[in-house]
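Remarks on the structure that follows.
The values are calculated or read from the model by the stated rules, or taken from the named source; none is laboratory data. The structure presented is a predicted model; accordingly, all values stated were derived computationally and were not measured. We place every Cβ from the backbone using ideal geometry, glycine too, and count neighbours over all the protein chains shown.
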Amino acid sequence: MRTVVKSLFSVAMSLVLLTGCSSGTSTTGSSQPGQPAQPGTSETKPAGNTELSFFYPVAVGGPLTKIVDGMAEEFNKENPGITVKPVYTGSYQDTTTKIQAAVQGKTPPDVAVMLSTELHTMMDMNAILPLDEFIAKDGGNEYVKDFFPGFLANSQVDGKTYSIPFQRSTIVLYYNKAAFKEVGLDPEKPPTTWDEMAEYAAKLTKDGRWGIEIPSSGFTYWMYQALALQNGKNLMTEDGKKVFFDTPENVEALQYWVDLAKKHKAMPEGVIEWATVPSDFLEGKTAMMFHTTGNLTNVKNNAKFDFGVAFLPAKKNYGSPTGGGNFYMFKGTDEKKQEAAWKFIRFMTEPKRAAQWSIDTGYVATRKSAYEEEIMKQYVKDFPAAAVARDQLEYGHAEFSTHNNGKVTKALNDNLQAVLTGKADAAAALKKAQEEADKVLASFNK
Amino acid sequence: MGELRAKWKVNVYAWLLLLPSLIFLLLFTFYPVWQTVILSFHQADLGSPEPFFNGIDNYKQMLEDDVFWKVLTNNLWFALGTVPTSVALALGMALFANKALRGKGFIRTAYFYPTVVPMIAVANIWLFIYTPEYGALSHVMDWFGKGDMNWLGDQSNVMWAMIFMVIWKEAGYFMIFYLAGLQNISQELYESAAMEGASAWTVFRRVTFPLLMPTTMFVSIIAFTNSFKLVDHLVIMTKGGPDNASNLLLYYIYETAFSFWDQGMASALTIVMVVLLLAVAAVQFFGLDKKIHYN
């Protein structure tokens, strides 16, 4: 009896060995993070149905996943042969990581929203599809020209288009009108210059409330870019190969930022957490804040006080970087899926949908014709703040984007944070950042 | 002849039993480690479309990298801050929870619950505890007049904030091991000590603590390796900032691999970490082993 059990056991173990060998290769191959749930299942569906995996991030407050799911539902209804499966993939950084991992694992998503600044990195990885062919077939020059040029700056390289603007923003100044009244400032006259802002912020500061908060965690470089643009030119070249950190104007811009906390005592010292700034504003712990226009609807729905939105104050000129995510399509996906994905992108960027998306979130509607839609005209009439970010686009510039974006951005962020926490002085830190960035970009400048 | 065949039969049987675990170990541990070693000698970043062999360049670059030395020293300080404290605290908690007659279950639950909460949830909670102005800790600090201290946004505070949180999380876990160890100490020893009129401290020093040495060694190794492995909270709370003040080696590896896509460098960093942890484990197993008495 015992020998029978033993031999049966041996047979079972040998079978395990065989199955272990055969499934070993596929288990290591398919253990990729962020893989969509149904890579090859379209073969088992009826021949007409194309399934698209759609990765998207959420970077601002509000019930955005519901809205995106709703839009995908609508698309699926209008296009019976195509099913879009939206997959929420976290923050911008998480989404980028998941997409890059999927690309490396040769299973890229069919369509995704990713930071517009990842353009150069994605091109270096040879991961994205140029979209000019699709544009020529469906939409043409008219389609592309309808987008605001400020947004196209991070979407095109050498005249070729690689991504389509979707959820785009600029930084705006939110200010608490009630607080302004309280300290004797005119609530309809937000600060328009650096000096005015420092002065007002100092006046507005009292026990339990700061005059202004500019977040410095997460996207430190973005806020800094705004100050730099207001004092001169952008921090990098169009082709993403060179950066300019240690110019005198940029040092002055950084010094102004530090002085708001150190000299004018109108801002908390140290690093200010990105996510808590809007709640600080809503709680009245800060009278003004720099933040993305993408938070506009969230602030509008939750503010218990009268608030205003204005251009960021100017030094030599107004200025703000654009921000946000674009639609991308990836190499290595099925041709039929590419056609379907392009349809989806066109759907999502139709003027009335772009307008609705802007109303629901606060992002700038990416197309000029979106502002001609009835719902948008009505909305802007009732809520003029919604037009501020769009109007500021006149002074909008491309968001910071270079080759090897991650490393260069980290070098800049680290050094900015060192200055804001008082551990380094502006000129020295920016020089260090410049050196580090030059080293990283050296191989792209050969 | 029959003897050899019988031996062979037994051996094959043994190998077949080991086979499933061996396959997993090979596929998911040894093979990836081997691949990592190989990749660490290649240049595999965004500037090089195909990885190519570059000798020890990655290691040389690593030694010249300021951030690498910063994260390494951070990690060592972090280990120094968390290991002795959490082990000592766990021992204390175990002794207390063992003795308490009333509410034993409640005390053990209270000490243990931080362990069952996932680190990401813990990090989110503590992120708000540490928020200046209206976080829970700031309300307490208000009594001392320091309500606006920036715990996570200041280089001098952030390490302490992290250490404190990790000790809170880990001590309960180690307490379990000590509780188990305490059960194994025979009551007779305590009775004979009581008969000789030994004080509580002497009993602890001469009876309890030496007999808990195996547990202490085990718990120390776990605590030390955990101080290198635990980086989930960095993703939520500080992202390694400000300016790498709270950055730890594993988080830096993650950044290098999945933010910068410099896989060659990330592999080199990984090898360094693995070697370091192996060295520590070797010291503890071979060196300290001699000093521990087993019954």
Considering only segment B:127-145, state which residues are surrounded by 12 or more Cβ atoms within 10 Å (Cβ to Cβ) and away from every other protein chain (no Cβ under 13 Å). B:Ala136, B:Leu137, B:Val140, B:Met141
Please work out which residue is nearest to B:Leu46 (Cα to Cα), limiting yourself to segment A:371-417 and to residues that are free of Cβ contacts under 8 Å to residues at least 24 places away in the same chain and basic (Lys, Arg). A:Lys410
Say whether the condition of being away from chain A (no Cβ under 14 Å) and free of Cβ contacts under 8 Å to residues at least 24 places away in the same chain is met by at least one residue in segment B:14-34. no
Per-region count, segment A:96-113, residues under 19 Å from B:Ala257 (Cα atoms) and in contact with a strand residue (DSSP E or B) (Cβ under 6 Å, 6 or more places away or on another chain): 3
If I filter segment B:133-148 down to residues being part of a loop (DSSP other than H, G, I, E, B) and under 21 Å from A:Val271 (Cβ atoms), which single residue comes out as modelled with the highest pLDDT? B:Gly135
Going by what's in this entry, would B:Pro242 be described as buried (at least 19 other Cβ atoms within 10 Å of the Cβ) and either touching a strand residue (DSSP E or B) at 6+ places or on another chain (Cβ under 7 Å) or touching a residue at least 60 places away in the same chain (Cβ under 8 Å) (or both)? yes
For residues that are at pLDDT 90 or above and closer than 15 Å to A:Phe444 by Cα, tally how many sit in segment A:123-136. 0
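Quick one: which helices (runs of 4 or more DSSP H) sit completely within segment A:366-443 and have at least 3 residues that are in contact with a helix residue (DSSP H, G or I) (Cβ under 8 Å, 6 or more places away or on another chain) and either modelled with pLDDT of 90 or more or not assigned by TED's automatic domain parsing to the domain that holds A:Ile345 (or both)? Break it down into steps so the answer makes sense when it comes.
Working: elements: A:374-382, A:385-392, A:405-420, A:426-441.
Because the criterion is at least 3 residues that are in contact with a helix residue (DSSP H, G or I) (Cβ under 8 Å, 6 or more places away or on another chain) and either modelled with pLDDT of 90 or more or not assigned by TED's automatic domain parsing to the domain that holds A:Ile345 (or both), the helices (runs of 4 or more DSSP H) in segment A:366-443 that meet it are A:374-382, A:405-420, A:426-441.
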Quick one: would you say A:Val251 is under 30 Å from A:Asp438 (Cβ atoms), within 14 Å of chain B (Cβ to nearest Cβ) and either β-branched (Val, Ile, Thr) or not in a helix (DSSP H, G or I) (or both)? no
Counting just the residues of segment A:62-114 that are crowded, with 16+ Cβ neighbours inside 10 Å and of a type in the set (Ser, Thr, Tyr), which one comes out farthest from B:Pro49 (Cα to Cα)? A:Thr83
So is A:Lys304 more than 14 Å from chain B (Cβ to nearest Cβ) and more than 18 Å from A:Tyr200 (Cα to Cα) or not? yes
When B:Val10 is run through (1) more than 30 Å from B:Met273 (Cβ to Cβ); (2) touching a residue at least 24 places away in the same chain (Cβ under 8 Å), the failure sits at (2)
Within segment A:254-284, take every residue that is within 14 Å of A:Arg209 (Cα to Cα) and of a type in the set (D, E, K, R) and give me the one that is farthest from the other protein chains (Cβ to nearest Cβ). A:Lys265
In segment B:250-262, the residues that are crowded, with 24+ Cβ neighbours inside 10 Å and either more than 9 Å from chain A (Cβ to nearest Cβ) or farther than 21 Å from A:Val408 by Cβ (or both): B:Tyr252
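Applying the selection to segment B:66-95, what residues are aromatic (Phe, Trp, Tyr) and more than 15 Å from the chain's Cα centre (by Cα)? Outline the logic, then answer.
Kept after step one, since they are aromatic (Phe, Trp, Tyr), are these residues of segment B:66-95: B:68-69, B:77-78.
Hits for segment B:66-95 are B:Phe68, B:Trp69.
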Please determine, by comparing only the residues of segment A:137-154 that are under 15 Å from the mean Cα position of the chain (by Cα) and farther than 20 Å from A:Phe444 by Cβ, which one is farthest from the other protein chains (Cβ to nearest Cβ). A:Gly150
Top-ranked residue of segment A:78-99 - restricted to ones that are closer than 23 Å to A:Thr220 by Cα and in contact with a helix residue (DSSP H, G or I) (Cβ under 8 Å, 6 or more places away or on another chain), ranked as nearest to the other protein chains (Cβ to nearest Cβ): A:Thr97
Test B:Thr115 against the stated conditions and say whether it is over 19 Å from B:Ile271 (Cβ atoms), β-branched (Val, Ile, Thr), out of contact with any Ser or Thr (no Cβ under 6 Å at 6 or more places or on another chain) and part of a helix (DSSP H, G or I). yes
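Scan A:Tyr379, A:Tyr395 and give me the residue that is out of contact with any Ser or Thr (no Cβ under 7 Å at 6 or more places or on another chain) and within 28 Å of A:Tyr318 (Cβ to Cβ). Full working, then the answer.
Numbers: A:Tyr395 fails: out of contact with any Ser or Thr (no Cβ under 7 Å at 6 or more places or on another chain).
Criteria check complete, one pass: A:Tyr379.
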Leading residue by the ranking (farthest from B:Pro132 (Cα to Cα)) among those in segment A:203-225 that are in contact with a helix residue (DSSP H, G or I) (Cβ under 9 Å, 6 or more places away or on another chain) and among the small types (Gly, Ala, Ser): A:Gly218
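Of B:Gly145, B:Gly153, B:Gly135, which residue is of a type outside the set (A, V, I, L, M) and in contact with a Gly (Cβ under 7 Å, 6 or more places away or on another chain)?
Step by step, each of B:Gly145, B:Gly153, B:Gly135 is checked, and only B:Gly153 is of a type outside the set (A, V, I, L, M) and in contact with a Gly (Cβ under 7 Å, 6 or more places away or on another chain).
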Which one of A:Asp360, A:Asp382 is of a type in the set (D, E, K, R) and either closer than 23 Å to A:Ala112 by Cα or crowded, with 17+ Cβ neighbours inside 10 Å (or both)? A:Asp360
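Considering only segment A:275-300, how many residues are more than 17 Å from A:Ala387 (Cα to Cα) and not aliphatic (A, V, I, L, M)? Even if it seems obvious, please write down each step before you answer.
Start the filter on segment A:275-300 by keeping residues that are more than 17 Å from A:Ala387 (Cα to Cα), which leaves A:275-289.
Among the residues that remain, those that are also not aliphatic (A, V, I, L, M) are: A:276, A:278-281, A:283-286.
The number of residues fulfilling the criteria is 9.
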Look through A:Trp194, A:Trp210 and report the one residue that is of a type outside the set (Gly, Ala, Ser) and within 13 Å of chain B (Cβ to nearest Cβ). A:Trp210
Do we have A:Leu173 as assigned to a loop (DSSP other than H, G, I, E, B), of a type in the set (A, V, I, L, M, F, W, C) and either on the phi < 0 side of the Ramachandran plot or in contact (Cβ under 8 Å) with a residue 40 or more places away in the chain (or both) here? no
Hits in segment A:258-281 - residues which are buried (at least 22 other Cβ atoms within 10 Å of the Cβ) and over 14 Å from B:Asn150 (Cβ atoms): A:Leu260, A:Ala266, A:Pro278, A:Phe281
Restricted to segment B:204-226, and to residues that are closer than 13 Å to B:Val166 by Cα and in contact with an Asp or Glu (Cβ under 9 Å, 6 or more places away or on another chain), which residue is surrounded by the fewest Cβ atoms within 10 Å (Cβ to Cβ)? B:Asn226
Options A:Leu296, A:Leu229; residue that is in contact with a Pro (Cβ under 8 Å, 6 or more places away or on another chain), surrounded by 24 or more Cβ atoms within 10 Å (Cβ to Cβ), part of a helix (DSSP H, G or I) and not basic (Lys, Arg): A:Leu229
